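Heads up: the structure comes next, in structure tokens.
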Amino acid sequence: MTRAAEPPTNDHADRAPDARGRRRARRQLRVVVTAGPTREHIDPVRYLSNESSGRMGFAIAAEASRRGHRVALVSGPVNLPTPPGVRRIDVESARDMLVAVQRAFRGADALYMAAAVADWRPARRLSGKWRAKDGGAARAKIELVKNPDVLATVARGKGPRIVVGFALETGNGERRARSKMMKKGLDYVVLNDASALNATTSSATLIGRDGTRQVLPQKKKQQLARVLVDLAETWPRT
Ligand code: CTP
């Protein structure tokens with residue numbers, strides 16, 4: 001994509017090594033990050049959601065902003081302060097997130113999709129409260145329909161821009177994470193195990209479509225964020 005309209009190189013930011021290890025002035029990037037869970041409402045007071053603190057996405061947004069990049073953070077409901085300099089867009093459902101990410105990614109250079117998007121939503125959202133009737137049945141069914149895959153949808157039109165997904169897996173996750181990366185058309189996938197949930201630290205494996213694989217043992221999410229922002233900074237310019 002064309003870089004002509006972009007602001008000049010951000011001179012006050014420090015210098016990062018490029019892919020060949022050379023230091024060069026850092027160019028200001030436009031970075032989109034997603035964080036937190038989505039909520040899929042059953043009725044006005046109940047919803048389906050995923051476990052997610054939002055910390056990983058917020059750490060990436062904070063790190064990218066600290067380095068002088070322009071950051072849009074699309075966040076589900078979380079209890080975290082907006083990092084300095086970051087433009088935050090609050091959303092609830094997966095469908096809201098899709099719209100917000102598509103808009104923010106227009107003209108952006110990089111996407112980090114750290115949100116825990118709900119795969120399913122109730123087929124109907126009741127306008128009034130769902131009443132558990134006295135003496136009624138002991139079971140009930142909620143019909144679910146598939147949500148859009150935000151990452152796969154946006155990655156389809158990414159062109160040469162870098163897109164990083166996350167996979168939280170239990171058991172032998174590496175094969176599954178790699179196949180998600182290929183299926184969704186990602187450049188990298190960050191594989192976490194469930195111990196990362198609600199934690200300030202996370203051990204991760206960074207898997208690249210180019211065949212690279214980097215194990216990042218137990219790191220603070222801020223440290224992991226540094227490695228991840230380096231990826232966008234060293235991504236080949238087009
Ligand atoms: N993701 C997304 N939209 C969805 C589901 C997932 O954008 N509807 C993104 C997540 O933000 C994450 C990546 O896809 O970056 C992998 O998410 P994950 O839930 O592990 O993948 P799924 O395709 O939902 O597979 P699974 O069946 O394991 O839940």
Taking the dipole of the chain about the Cα centre (Lys, Arg +1; Asp, Glu -1; charges at Cβ), the one of Val101, Ala167, Gly36 that reaches farthest to the positive side is Val101
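Can you give the extra length, in nm with one decimal, that the chain gains between Arg125 and Met182 once fully stretched, where that is 0.36 nm per residue apart less the Cα-Cα distance?
Numbers: separation 57, 0.36 × 57 = 20.52 nm, distance 3.36 nm.
Between Arg125 and Met182, full extension yields an extra 17.2 nm.
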Using eta = 1.306 mPa s and T = 10 °C, Stokes-Einstein with Kirkwood Rh from Cα pairs puts D for the stretch 48-88, in µm² s⁻¹, at 150 µm²/s
Per the Cα gyration tensor, the stretch 117-233 corresponds to an equivalent ellipsoid with semi-axes, largest first in Å, of 36, 19, 13
For Lys141, the aspartates and glutamates lying under 16 Å Cα to Cα, once residues fewer than eight places off in the same chain are dropped, come out as Glu40, Asp43
Kirkwood calc, the chain, C-alpha pairs only, radius in angstrom 18.8 Å
Contact order relative to length for the chain, counting C-alpha pairs under 8 Å separated by 6 or more residues, stands in percent at 20 percent
Inter-part gap, Cα centre of the stretch 187-211 to Cα centre of the stretch 59-111, in whole angstrom, is 19 Å
quick note, the stretch 16-126, DSSP beta bridge pairs, % antiparallel (nearest 5) is 30 percent
What helix-only [θ] at 222 nm does the chain give? Using -39500 (n - 2.57) per DSSP H run of at least 4, over all residues, to the nearest 500, the answer is -7500 deg cm²/dmol
Beyond 21 Å (Cα-Cα) in this structure, taken from Lys158/Lys183; Lys146/Lys183; Lys158/Lys221, we find Lys158/Lys221
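Rule-based calculations on the coordinates, nothing more; no lab input. A quick note: this is a predicted structure, and the numbers were derived from the prediction, not measured. So basically every Cβ, Gly included, is an ideal-geometry build from the backbone, and we count neighbours across all protein chains shown.
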